[in-house]
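The values are calculated or read from the model by the stated rules, or taken from the named source; none is laboratory data. In this text, all values refer to a predicted model and were calculated from it rather than measured experimentally. Here the Cβ positions follow ideal geometry from the backbone for every residue, glycine too, while neighbour counts run over all protein chains shown. These accessible areas exclude ligands, DNA and RNA; they are computed on the full protein's heavy atoms, side chains included. Shrake-Rupley method; radii C 1.70, N 1.55, O 1.52, S 1.80 Å.
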Amino acid sequence: MTTVAVIGASRGIGLELARQYAADGCRVHATTRALDAPGALGAVGGDVHLHPLDVVDDGQIEALAGALSEEPIDILIHNAGINAGRGAGDPETTARSMRINAEAPIVTVAALLDSVVAGGDRKVAVMSSVQGSGRSRAGSPDLYGDSKRELNTRFRAIEPEWRARGITAVALHPGYVRTDMTGSHASLSPEESVRGIRNVLAGLTAKDSGRFLDYRGKDVAW
Ligand SMILES: NC(=O)c1ccc[n+]([C@@H]2O[C@H](COP(=O)([O-])OP(=O)(O)OC[C@H]3O[C@@H](n4cnc5c(N)ncnc54)[C@H](OP(=O)(O)O)[C@@H]3O)[C@@H](O)[C@H]2O)c1
């Protein structure tokens, strides 16, 4: 049986990841900031285990790592993210955007790495965005793009260490997906995006580690 951990599964792409992997018969560990009122995530059927996690809370990250310490994880997906928009932003918003989008994925994955090493597949994905690509809108103020670009930089710096432990790690762009983050004008449904992401992750081999891929498996420019 494949065990999948989805960090940030309450809504949007993360919720759909939990749904599809559970429907496929996987054991799913899914995190939410609202364990008492998990909403749609609480209604996902199958072998689904919910855990509380705000990714800026180091104590909760540690507690999650403890809860999963005896649980080998085949596929770990750090999906949680926010779009704090464009513009210069106030320092607090800028710091929060960087903390959630750029720091938390690296810190959370690092905390769960032993469980991934103990898993059979040893796959890690961090949800980035094409807006973090250096070629997109370079130079203009963009809190979201800047934070995803910073995530990409940090991911590329740490990925060789993860690879040395036998892990295949990639950064992902899910496509332009209809969620609370984007609204109804986006081109893809969460179902389509997640179907693609699952295919991409299923097809990864060790030599793919360190790539930045979209939901169709195409390389995205760093
Ligand atoms: N939609 C797109 O077109 C698109 C494109 C490129 C990249 N992405 C990336 O894909 C990921 C998912 O996006 P989405 O469109 O599904 O967004 P969404 O519908 O806004 O969902 C965001 C998810 O992240 C969680 N989250 C936010 N801050 C968190 C925190 N501090 N701790 C724990 N969880 C937190 C949210 O939990 P709460 O319910 O508790 O807020 C929610 O589950 C994000 O990383 C996003 O940047 C999306």
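Accessible-area rank, largest first, for 207, 123, 218: 207, 218, 123, with all protein chains present and a 1.4 angstrom probe.
Only protein heavy atoms count here; on that basis, with a 1.4 Å probe, residue 181 has an accessible area of about 80 Å².
Rounded, prolate or oblate, given the Cα gyration tensor of segment 36-80, with a/c below 1.5 counting as rounded? Verdict is oblate for segment 36-80.
The 3J(HN,Hα) values that the Karplus relation (6.51, -1.76, 1.60; θ = phi - 60°) gives for segment 190-206 are, in residue order, x, 4, 5, 4, 5, 4, x, 4, 5, 4, 4, 5, 5, x, 5, 10, 3 Hz. Gly and Pro appear as x.
Each part reduced to its alpha carbon centroid, segment 185-217 and segment 76-133 end up 16 Å apart.
For segment 3-214, give me the percentage of DSSP beta bridges that are antiparallel, rounded to the nearest 5 percent. Don't jump to the answer; show the numbers that get you there.
On the way: 1 of 28 bridges.
Of those bridges, close to 5 percent are antiparallel.
On the beta carbon distance between residue 182 and residue 157, with R0 = 41 Å, the FRET formula returns roughly 0.90. For the chain, the relative contact order works out to 18 percent when only alpha carbon pairs closer than 8 Å and six or more residues apart are counted.
Across 21, 176, 144, mean-square fluctuation computed from a Gaussian network of the chain (C-alpha pairs under 10 Å connected) peaks at 176.
Please report, in debye to the nearest 20, how large the charge dipole of segment 116-211 is about its Cα centre when each Lys and Arg carries +1 at its beta carbon and each Asp and Glu carries -1 there. Walk me through the intermediate numbers first.
Working: 15 positive and 10 negative charges, 63 e Å.
With only Lys, Arg, Asp and Glu charged at Cβ, the dipole is about 300 debye.
Which one, 115, 125, 23, projects farthest toward the positive side of the charge dipole computed for segment 3-214 from Cβ point charges (K/R +1, D/E -1)? The listed residue farthest towards the positive side: 125. For residue 48, the amide hydrogen comes within under 5 Å of the amide hydrogens of 28, counting only partners 5 or more places away or on other chains and with H modelled in the peptide plane. For residue 123, the aspartates and glutamates whose Cα falls under 15 Å of its own Cα, not counting residues fewer than eight places away in the same chain, are 71, 74, 114, 159, 161, 208.
Kirkwood analysis of segment 91-164, using all unique Cα-Cα pairs, places the hydrodynamic radius at 13.2 Å. I need the shape label for the chain. Rule: rounded when a/c is under 1.5, else prolate if a/b > b/c, else oblate, with a, b, c from the alpha carbon gyration tensor. Since a/c stays below 1.5, the shape of the chain is classed as rounded.
Residues considered: 170, 44, 109. Largest GNM mean-square fluctuation over the chain, using C-alpha springs under 10 Å, is found at 44.
The accessible area of residue 216, taken with all protein chains in place and a 1.4 Å probe, comes to roughly 140 Å².
Estimated at 0.36 nm per residue, the fully extended path between residue 90 and residue 195 surpasses their Cα-Cα distance by 34.1 nm. For the chain, the mean residue ellipticity at 222 nm estimated from helices alone is -11500 deg cm²/dmol, where every DSSP H run of n ≥ 4 contributes -39500 (n - 2.57) and the total is divided by all residues, rounded to the nearest 500. Between residue 76 and 5, 123, 124, 125, the built amide H atoms are under 5 Å apart, and every one of these is 5 or more places off in sequence or on another chain.
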